[in-house]
Amino acid sequence: MSRIVMAVTTQCTRCPMYAAQLDRVGVEYEIVDIQVDEAMRALVCDTLGYAEAPVFLHLEYSDGDVLAHTAAYDKRLLQQWHSEAFSAA
């Protein structure tokens, strides 16, 4: 089982727009503010090397292993991740 996380910051102007688009297409996701969650900030910035939000992560639900990640809003890719997350449930 997996989950989708959108890593955001409060200053991100695109994050609310992308969240609204995901809501419209029915993709379930979690929002994590990387300014508050130090572990997620370390993963997104230090480990994966991203410098801007949002970052979309496809994570293994049980242990948090990164299955895939992207900084691009790609509706088809995110819908695919969503299908994979719920087909394995």
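The values are calculated or read from the model by the stated rules, or taken from the named source; none is laboratory data. Only a predicted model underlies this, so the values are computations on that prediction, with no experimental measurement involved. Neighbour counts run over all protein chains shown; Cβ positions are idealised from the backbone, glycine included. Ligands, DNA and RNA are excluded from the accessible area calculation, which covers all protein heavy atoms including side chains. Shrake-Rupley method; radii C 1.70, N 1.55, O 1.52, S 1.80 Å.
Output the residues belonging to segment 19-33 that are among the aliphatic types (A, V, I, L, M), within 14 Å of Met6 (Cα to Cα) and open to solvent by 30 Å² or more (accessible area, probe 1.4 Å).
Just the residues of segment 19-33 that are among the aliphatic types (A, V, I, L, M), to begin with: 19-20, 22, 25, 27, 31-32.
Pick out the ones that are also within 14 Å of Met6 (Cα to Cα) and you get 19-20, 22, 27, 31-32.
If the condition is that a residue be among the aliphatic types (A, V, I, L, M), within 14 Å of Met6 (Cα to Cα) and open to solvent by 30 Å² or more (accessible area, probe 1.4 Å), then Ala20, Ile31 are the ones that fit.
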May I ask you to list the residues in segment 25-40 that are over 17 Å from Asp63 (Cα atoms) and among the small types (Gly, Ala, Ser)? Gly26
Within segment 34-81, the residues that are open to solvent by 40 Å² or more (accessible area, probe 1.4 Å) and touching a Ser or Thr at 6+ places or on another chain (Cβ under 7 Å) are Gln35, Glu60, Tyr61, Leu67, Leu77
